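Derivation of every value follows stated rules applied to the coordinates shown; laboratory data play no part. Treat the numbers as computed from the prediction; the structure is a model and nothing was measured. Here Cβ is always computed from backbone atoms with ideal geometry, including for glycine, and neighbour counts include all displayed protein chains.
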Amino acid sequence: MAKSRSIFVCNQCGAESSQYYGRCPVCSSWNSLVEQVQPAKETGTRLPGAVRSRSGGAKTAAPRQPRLAMTLEQIQEHPQARLPSGYGELDRVLGGGIVPGSLVLLGGDPGIGKSTLLLQVAAQLAAQQRVLYVCAEESGQQVKLRWQRLGRGEEKGRRKKEEVGVVTGPESAGVEAVGGDLYLLPEIDLETILMELESLQPTVAVIDSIQALYYGALTSAPGSVSQVRECTSALMQLAKRSNISLFIVGHVTKEGAIAGPKVLEHLVDTVLYFEGDRFASHRLLRSVKNRFGATHELGVFEMVDRGLAEISNPSALFLGNREEQVPGIATIVACEGTRPLVVELQSLVSPTSYSSPRRSTTGIEFNRLLQILAVLEKRVGIPLSKLDAYVASSGGLNVGEPAADLGIAIAVAASFRDRLVDPELVLIGEVGLGGQVRPISQMELRLKEAAKLGFKRAIIPKGQMIRVEGLAITEVSRVVDAIAQALKG
């Protein structure tokens with residue numbers, strides 16, 4: 001008879017070990033190994049098509065099973081309409097709406113607005129669909145207070161002329177109705193949540209958060225790797241079987257990655273990150289994995305007193321005051337997924353007081369700045385090795401694509417020479433190590449966005465000439481030519 005055995009699982013990285021270590025041999029974190037009991041695997045090798053006896057020998061071959069694999073032509077199509085969430089920015093990031101039976105993981109820093117966004121989405125969907133909100137970290141009264149603060153109480157009260165109360169009955173025991181078809185379930189036990197999902201059969205369910213759920217069959221504490229993995233796997237199976245769209249809130253580590261660690265991102269269909277500066281009002285919803293749409297899509301929200309509001313023109317958010325001109329400012333067009341964003345870049349170059357000059361970036365990759373500074377000094381002849389260099393993007397947007405290289409180079413050169421860049425000029429292109437300006441993707445989309453916002457000139461790489469009405473386009477092949485064109489006059 002098979003005996004159980006103990007293994008030790010790291011809470012930080014998920015590595016398994018047959019013996020206990022004070023320090024994880026994989027991620028080097030201290031006191032992170034937790035003991036788990038597993039049944040031992042059956043010994044011996046099972047022969048294909050044979051049934052093993054108690055003594056370990058092979059009996060007669062089992063009857064051949066019918067073939068289950070099918071070709072693509074044999075699989076029937078079942079087109080399903082996406083469910084609109086009520087927020088165009090969220091639908092854009094999801095790829096056009098909520099896919100029935102999909103699993104969406106939403107991560108972000110504490111207090112960034114994850115629960116606020118999902119409660120607003122649940123309230124919107126509850127007007128036409130049945131929605132279950134599992135509040136594992138808050139009581140039902142706390143969620144209701146937040147719901148009333150967001151101004152949803154009066155809106156739902158006018159739409160549904162019924163009193164807010166506790167729904168009774170065998171099929172909804174312990175579920176509190178907040179308004180319309182939005183139900184709250186303050187619970188952390190996984191088995192209770194699964195039973196409620198089976199009985200209530202909501203169209204959309206929200207789990208806030210997965211780190212607070214607890215599966216009684218496991219000995220580890222809530223939030224551990226094993227608990228998170230088993231709870232997410234059980235919820236995924238139920239969502240696929242019952243065609244329930246599931247939103248899961250995940251905590252992030254100090255490094256900014258979703259806690260779990262990566263096991264959560266492999267199980268779910270879509271991974272969204274909610275980003276934002278705690279000193280700014282705007283929030284960015286970014287897609288890093290999406291089985292039903294494009295990745296790296298971006299949705300922009302603004303935190304107001306009534307919750308999160310959509311921003312219809314996000315480019316205006318990342319453009320500074322174009323009337324007051326200062327040397328060292330250039331404008332680029334970045335692309336987040338299929339969305340073009342016009343972003344203002346600011347640069348400051350000044351003499352250093354120390355033996356080693358200081359380099360600092362905000363919203364720009366640090367190593368990318370160092371590379372561009374080296375190109376400007378070697379290929380253009382600007383002596384930057386004795387100067388401090390600071391580069392920042394307006395609005396705090398993280399611009400990581402190479403198409404921003406030309407704008408960074410022009411901003412640094414303009415600050416060094418104390419010259420103004422034309423406020424009606426946009427700069428698009430990648431800077432190579434040889435000083436050349438390389439082509440980039442989605443050029444037509446970027447130029448049309450610049451023309452729509454009133455820009456008159458554009459400097460782009462040579463060989464990507466696209467005519468856009470109202471926009472004078474200049475092609476360059478080297479960064480020195482781009483500097484001469486941008487700083488002339």
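Overview of results
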| quantity | calculated |
| --- | --- |
| Gain in span if fully extended, SER356 to VAL326, counting 0.36 nm per residue against the direct Cα distance | 8.1 nm |
| Partner aspartates and glutamates for LYS488 [C-alpha distance under 16 Å; skip if fewer than 8 residues away on the same chain] | ASP418, ASP422, GLU424, GLU475 |
| Over the stretch 413-487: Rg over Rh, Cα atoms, Kirkwood Rh | 0.96 |
| Most positive-pole-ward Cα, GLN325, VAL476, SER394, against dipole of the stretch 316-486 from beta carbon charges | VAL476 |
| Three semi-axes of the equivalent ellipsoid, the stretch 316-486, Cα gyration tensor, whole Å, largest first | 24, 17, 14 |
| Rg(Cα) / (2.2 N^0.38 Å) computed for the stretch 66-112, rounded to two decimals | 1.75 |
